[in-house]
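The values are calculated or read from the model by the stated rules, or taken from the named source; none is laboratory data. Note that the structure is a prediction, hence the values are computed from the model and not measured. We place every Cβ from the backbone using ideal geometry, glycine too, and count neighbours over all the protein chains shown. Note: areas computed on protein heavy atoms with side chains; ligands, DNA, RNA excluded. Shrake-Rupley method; radii C 1.70, N 1.55, O 1.52, S 1.80 Å.
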Amino acid sequence: MWFRFTAPSSGVVTIDTFGSNYDTVLAVYPMGSNTPLACNDDASGLQSQISFSVTAGSVYDVQVGGYNGETGDLILHVSSIIGPTPTPWPTPTPWFRLYLPLVVRNH
């Protein structure tokens, strides 16, 4: 299964399949490239996790699959830390964390 997204800002994105009920594999590619930025199989048990840097306005393709063709109920978590790197106290630096859970059922 493929997902495509455009990064609204530069930062780090983490995607995982924790909670899925089958052996998952994850990879992410810059749009138009065959070279993955990150890929993983079995980061935690049989589920996968990847983290990668994104650039504002760039398009990324995320591939989610089952190891050796396995299928099941996919739970996909996407989190992002976007914004400048925090600085030491007392100067606050704006940042936010975005969570986008996605559940895909295999019927």
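Brief remarks follow.
- Scanning region 25-58 for residues that are within 15 Å of the chain's Cα centre (by Cα) and farther than 20 Å from Ser80 by Cβ returns Val25, Asp41, Asp42.
- In this structure, Ser9 does not qualify as touching a Ser or Thr at 6+ places or on another chain (Cβ under 7 Å), within 17 Å of Ser79 (Cα to Cα) and among the small types (Gly, Ala, Ser).
- Residue list for region 13-43, filter: open to solvent by 60 Å² or more (accessible area, probe 1.4 Å) and small (Gly, Ala, Ser): Gly32
- Every pair of residues 6+ apart whose Cβ atoms lie under 9 Å, when the first sits in region 27-42 and is under 14 Å from Ser58 (Cα atoms) and polar (S, T, N, Q) while the second is open to solvent by less than 60 Å² (accessible area, probe 1.4 Å) and not in a loop (DSSP other than H, G, I, E, B): Ser33/Asp61
- Just so you know, in region 59-81 the residues that are assigned to a helix (DSSP H, G or I) and out of contact with any strand residue (DSSP E or B) (no Cβ under 7 Å at 6 or more places or on another chain) include one that is least open to solvent (accessible area, probe 1.4 Å), and it is Gly69.
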